[in-house]
Amino acid sequence: MVSPNFDLENLYVSPHVLGVDEVGRGPLAGPVVAAAVYVPHEKRGHPVWREVRDSKKLSETKREILFSVIQSQCIFGIGEASPQEIDEINILQATFLAMRRAIESCNISPDMILIDGNRSPKDWPWASRTIIKGDNLSISIAAASILAKVTRDRLMKNMAQEFPAYGWESNAGYGTPAHLEALARCGPTTHHRVSFSPVSEAIKKKAG
């Protein structure tokens, strides 16, 4: 199996090619989080890049180890969109908003943005290209997937301390049986996405 590399980044003469990925589109609770990563040419020989993969293919321990090393070797930004923003503008647009915030927080002017997936915003001021399964191909995208995943998992664990019934420390807000049971029993929190049907159904049952 081919590991992620810098081939896609190297297609562009322009120096600032960013990889962007997100995590958290599917959960019933918590924000959607995106990360943007630019790996300077002089940092691309670092051995950490040989270990970078799509975050879903790495253990939590490995992601945590890579998280700080990646940050030390690249220019990066992390952005999020809240559950309230998700409910207001829908999950796709909220994902694009989180990506925009991540890119803007990099504090560099990107020449090209490589986006994991097949959808990109119509109104971005930057040139961009969608890459299906980009986190398996591009090191910049894979690194972004790790930064986004670790950031969101940490956020959900912190929120779980305030709302322990829902098991967010282990399910990260996804609709696991234990989460759905707690949702039916306790109702939604301020961190739930009320536009998602399991949450809206729980609200109706509580009201009725």
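The values are calculated or read from the model by the stated rules, or taken from the named source; none is laboratory data. Keep in mind that what you see is a predicted model, and the values were worked out from it rather than measured. When we count neighbours, we look across all protein chains shown, and the Cβ atoms used for this are built from the backbone with ideal geometry, even at glycine.
The residues of region 166-176 that are over 17 Å from the mean Cα position of the chain (by Cα) and either under 15 Å from G26 (Cβ atoms) or modelled with pLDDT under 95 (or both), listed by number, are G175, T176.
Note on region 179-191: residues that are in contact (Cβ under 8 Å) with a residue 12 or more places away in the chain and either assigned to a helix (DSSP H, G or I) or within 19 Å of the chain's Cα centre (by Cα) (or both) amount to 8. Summed over region 15-39, the residues that are in contact with a Pro (Cβ under 9 Å, 6 or more places away or on another chain), small (G, A, S) and on the phi < 0 side of the Ramachandran plot give a count of 2. Do we have S195 as part of a helix (DSSP H, G or I) and modelled with pLDDT of 90 or more here? Answer is no for this residue.
The single condition from (1) modelled with pLDDT of 95 or more; (2) over 24 Å from F96 (Cα atoms) that G187 fails is (1).
Taking the numbered list (1) part of a helix (DSSP H, G or I); (2) within 20 Å of C106 (Cβ to Cβ); (3) not β-branched (V, I, T) in turn, R129 passes all entries but (1).
Picking from residues in region 114-149 that are crowded, with 23+ Cβ neighbours inside 10 Å and among the β-branched types (V, I, T), the one that is farthest from A35 (Cα to Cα) is I139. Within region 1-19, the set of residues being free of Cβ contacts under 8 Å to residues at least 60 places away in the same chain and part of a strand (DSSP E or B) is empty. The one condition from (1) at pLDDT 95 or above; (2) surrounded by fewer than 16 Cβ atoms within 10 Å (Cβ to Cβ) that M156 does not meet is (2).
Does region 152-173 hold any residues that are of a type in the set (D, E, K, R), free of Cβ contacts under 8 Å to residues at least 40 places away in the same chain and farther than 13 Å from T189 by Cβ, and which are they? Walk me through how you get there before you give the answer.
Start the filter on region 152-173 by keeping residues that are of a type in the set (D, E, K, R), which leaves 152-154, 157, 162, 169.
Of the ones still in play, those that are also free of Cβ contacts under 8 Å to residues at least 40 places away in the same chain are 154, 157, 162, 169.
Within region 152-173, R154, K157, E169 meet the criteria.
Looking only at residues in region 192-206 that are of a type in the set (A, V, I, L, M, F, W, C) and farther than 17 Å from A165 by Cβ, the one that is nearest to the chain's Cα centre (by Cα) is F196. Applying the set (1) crowded, with 17+ Cβ neighbours inside 10 Å; (2) touching a residue at least 24 places away in the same chain (Cβ under 8 Å) to N107 leaves exactly one unmet item: (1).
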